[in-house]
1. Please go through (1) buried (at least 18 other Cβ atoms within 10 Å of the Cβ); (2) in contact with a Pro (Cβ under 7 Å, 6 or more places away or on another chain); (3) at pLDDT 95 or above for Lys321 and return the number of the only condition it doesn't satisfy.
2. Could you list all residues from segment 52-104 that are in contact (Cβ under 8 Å) with a residue 60 or more places away in the chain, of a type outside the set (Ser, Thr, Tyr), within 21 Å of Lys127 (Cβ to Cβ) and touching a helix residue (DSSP H, G or I) at 6+ places or on another chain (Cβ under 7 Å)?
3. What residue, among those in segment 443-452 that are in contact (Cβ under 8 Å) with a residue 12 or more places away in the chain and within 26 Å of Gly370 (Cα to Cα), is surrounded by the most Cβ atoms within 10 Å (Cβ to Cβ)?
4. Which pairs have Cβ atoms under 7 Å, sit 6 or more apart or on different chains, and link a residue in segment 286-301 that is outside the structural domain of Glu336 (by TED's automatic domain parsing) to one that is of a type in the set (Lys, Arg)?
5. If you go through segment 150-168 one residue at a time, how many are part of a helix (DSSP H, G or I), farther than 12 Å from Glu211 by Cα and without any contact (Cβ under 8 Å) to a residue 24 or more places away in the chain?
6. Identify, from the list Pro331, Pro376, the residue that is in contact with a helix residue (DSSP H, G or I) (Cβ under 9 Å, 6 or more places away or on another chain) and at pLDDT below 95.
7. Restricting attention to segment 347-400, report how many residues are surrounded by fewer than 19 Cβ atoms within 10 Å (Cβ to Cβ), farther than 22 Å from Gly420 by Cα and in contact (Cβ under 8 Å) with a residue 24 or more places away in the chain.
Amino acid sequence: MLATTRKYQIILIITVVMSMHAIESLVEYSVITVATASPVPPLAQSICYSLYHFQDQLDCGYTVLRVRDELEQLGFLSLLQPEQLPEPECGEARRLVAEGGFLKGGTYVDRHSGKCCVTAGSALWKKLLDMGGVPASSEMELHLLDPLELAEQIVPLASKALAGGDKRGADTLGHWYAFFPLLCVVEGWDDENAPEPQRIQALLRLLAVPEAFEVAEACGEEMDVDYEEEEMSFLAAWEVPYKQWKEQQVSLYLEFCKRMVYEFIGKHDFAEADHFASRMKDELSRLLHRCVVGYACHQWLKTQEPGTLPPSCLLSLLEVKEGFERLSGLPLPEQELATCRIYLLQTIVLLGDYPAAIEMQQALFTEAVGKLEQYPEGETKQMQQISLAISYYQMLNTNLPDDYPSKKEWMRKGFPGLMGLSDVKRICGELLPEMPQMADTLQEYMEQCDTLTQYLK
């Protein structure tokens, strides 16, 4: 059994993380679920009695009137005029009517209606039963249900309601998923007195649905319920379904943000693109896409709208360069790393540091040639060699301005391990009859060779 001190330490921790308002909502949604069920469960009054017993153990407000109609319908709440009460409660209630408040026994006097809120199981309720002051149907014996018994009554009703299209069912399920461990702590359960594991798992299967997770997430920022796993191992897998769902949601949200980034870049709305990039929770993804947006904006303004200042929220071009440099030094997946390096090269070009751009291009192609040499001989390798060679010359031609003094010199001397332009065109011609499926690509390569060769004359 958990020690009393430890029990209330845990309660304090959980209730700090999870608002008392959320606990009050658990009770309210549960009452609504029970009241709207068809048929209403026979233990409806005991369910309400147990819910408010739990709420009363925590620092919650008086919330009975939030679901007054439902509680009256279930026979748990009787709204009586002060004159309907015995003494001394009658006199106390009359004195409280104007401002409202609680009688000595805990019954609430509502100043708005002037009525006394008598709940089943209270001392006044029992007194009224003996006097015939409440309906005879209220004489049903009340039972204080333990957390699992309570959940086993409410959760199936909420699951059925959700399946029938009642979104309030999701509210009930979500709150029960978030707070069931807390109820277990309040109950004082540990591995020595815990209920059967199969009952816990049966409950979890009903609660572990996306609609419930969405609600539960709002109850606690990270759904981090602090309990002693060594002493409460029966709850060890409780958060697993939520965490799996959360990971999927993060991934879906990341893909959504990526899509919006490139959509707004295409519209030249760079401020909005940066907004979505900034919302990415993964630090590296956020940095990468903010750098991509920054580069795209600066490149667009330089070529299309010279003299126009970029939005103030964007990274400066130097910050973009620093960002890509950081990313290029990380052990990223090969495709992401290649993307970062290409963007870094383009950023250096945009900054006008052409010697640094040439140096980086040389380094990139040295690495690429080394990898290509490891490929087996054949037509596939030949096509890759052609593509790599064309890329090298095209990048020099694109990245270096025509007035750069040694531009043509760099292009003419080629690169170790890469074909020259004449060899590229010759091999493309030889491959044409052997690879008709690649005819369009080969023809395009040959035209590019002609254009580059003509430029170098």
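1. Every condition holds for Lys321 apart from (2).
2. Gly75
3. Cys449
4. none
5. The first filter runs over segment 150-168 and keeps only residues part of a helix (DSSP H, G or I), leaving 150-163, 168.
Right, trim to farther than 12 Å from Glu211 by Cα and you get 150-157, 160-161.
When the remaining residues are screened for being without any contact (Cβ under 8 Å) to a residue 24 or more places away in the chain, the result is none.
Total meeting the criteria: 0.
6. Numbers: Pro376 fails: in contact with a helix residue (DSSP H, G or I) (Cβ under 9 Å, 6 or more places away or on another chain).
Residue meeting the stated conditions: Pro331.
7. Final tally of qualifying residues: 3.
Quick grid of which residues meet (1) surrounded by fewer than 19 Cβ atoms within 10 Å (Cβ to Cβ); (2) within 16 Å of Tyr52 (Cβ to Cβ); (3) at pLDDT 95 or above:
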| residue | (1), (2), (3) |
| --- | --- |
| Gly75 | yes, yes, no |
| Pro86 | yes, no, no |
| Glu89 | no, no, no |
| Ala98 | yes, no, no |
| Gly106 | yes, yes, no |
| Arg111 | yes, no, no |
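The values are calculated or read from the model by the stated rules, or taken from the named source; none is laboratory data. Not measured: the values here are computed from a predicted model. So basically every Cβ, Gly included, is an ideal-geometry build from the backbone, and we count neighbours across all protein chains shown.
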